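Every read-out reported here was derived from the displayed coordinates using simple, explicitly stated rules and does not represent laboratory data. The shown structure was predicted, so the numbers you read here are calculated from the model rather than taken from an experiment. Counting neighbours? That spans all protein chains shown, and the Cβs are built from the backbone with ideal geometry, glycine included.
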């Protein structure tokens, strides 16, 4: 037999062995997978609630009913019950965990903070808004006693409280939502006082902190514009037609408070170590936006002109001015930390002209679209209520065409 024939047979045998090995591996892998799946199917699915309760029983039996290890277990139990919407039981678990914290560390221990926040959440789902407020006031009280009312270390707890009242705003009636905003403003006032006294303007946190306080004033003013104030507040509003004297004075109050906060944003941005002319101009332009939405057109024009002039010191002044002022920009003082949505609503292109005062006019939408006429009307109405930073040429506001995509209002059921 020639060398060539020998080599051919050896290669064929090698290839055959690879096929056999591959088949064996596949069979073994399939068998192992099937066995693993069978074992998994035979094992009961773990229930976090049962696991926590068993762990609690074991700790109580080995140590005592007030063992420090129990508080975390009760917090975990409460969160598991909360996720199952068993709010009554969740509240009991949170209260028990907090009680253990108090027994071990004192009535004013800061370690009970997560329990108080969880109790506030649970009470809100049970419709017990007063009890939620009581839990949050207790949270503030223990922190105040630990640090003092004007200590900068109070800012994190004030942030938590403000987040809670704003996050739960949509769950309430207009009257209940107004109550949330009244408390939110009190919290913001405390924050503003601490920031003024304790946080230098060149601190990197200062611009965003003052900005949020300013935006809150717009949120409150917008709520009052839409719903009025509850009659028992002593001040009533007419949301249509000309503004009453009380409405004008209330609107001016929120305008003034927001203006002060946004002026702090400008000052803080200017004093940042790495602040650029573009960032400074954006802060000044934002102040101009504030003036514009509250009808202070002359002050808005002055602020926009100043922002335009600030960009003279930018690396590429004309390009920076074009990016900031060549097209109208919607003015949005939203309190949402993240406006992105997993399920974006249907959008439609809207064409309009934006006046020198930021007012949309000549609004056009595609009448041949597949949405209903009431939805089209609602879309037009929503856009007409928006305000825009106008286009600026040489620092002067002027009328400009504009188009963009906007969310289509959901059809009414």
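Remarks
- With R₀ fixed at 30 Å, the C-beta to C-beta distance from residue 273 to residue 302 puts the FRET efficiency at about 0.60.
- Using a cutoff of 8 angstrom between alpha carbon atoms and counting only pairs six or more residues apart, the relative contact order for region 48-147 works out to 21 percent.
- Relative contact order for region 136-209, counting Cα pairs under 8 Å that sit 6 or more residues apart, in percent: 30 percent
- Counting neighbouring beta carbons within 10 Å and listing from fewest to most, the residues 227, 252 come out as 252, 227.
- Neighbour-count order for 376, 262, fewest beta carbons within 10 angstrom listed first: 376, 262
- Were the residues from residue 253 through residue 170 laid out at 0.36 nm apart, the gain over their Cα-Cα distance would be 27.5 nm.
- Burial order of peptide ranges 354-367, 132-145 (average beta-carbon count within 10 Å, highest first): 132-145, 354-367
- Put the Cα centre of region 115-143 next to the Cα centre of region 261-337 and the gap is 39 Å.
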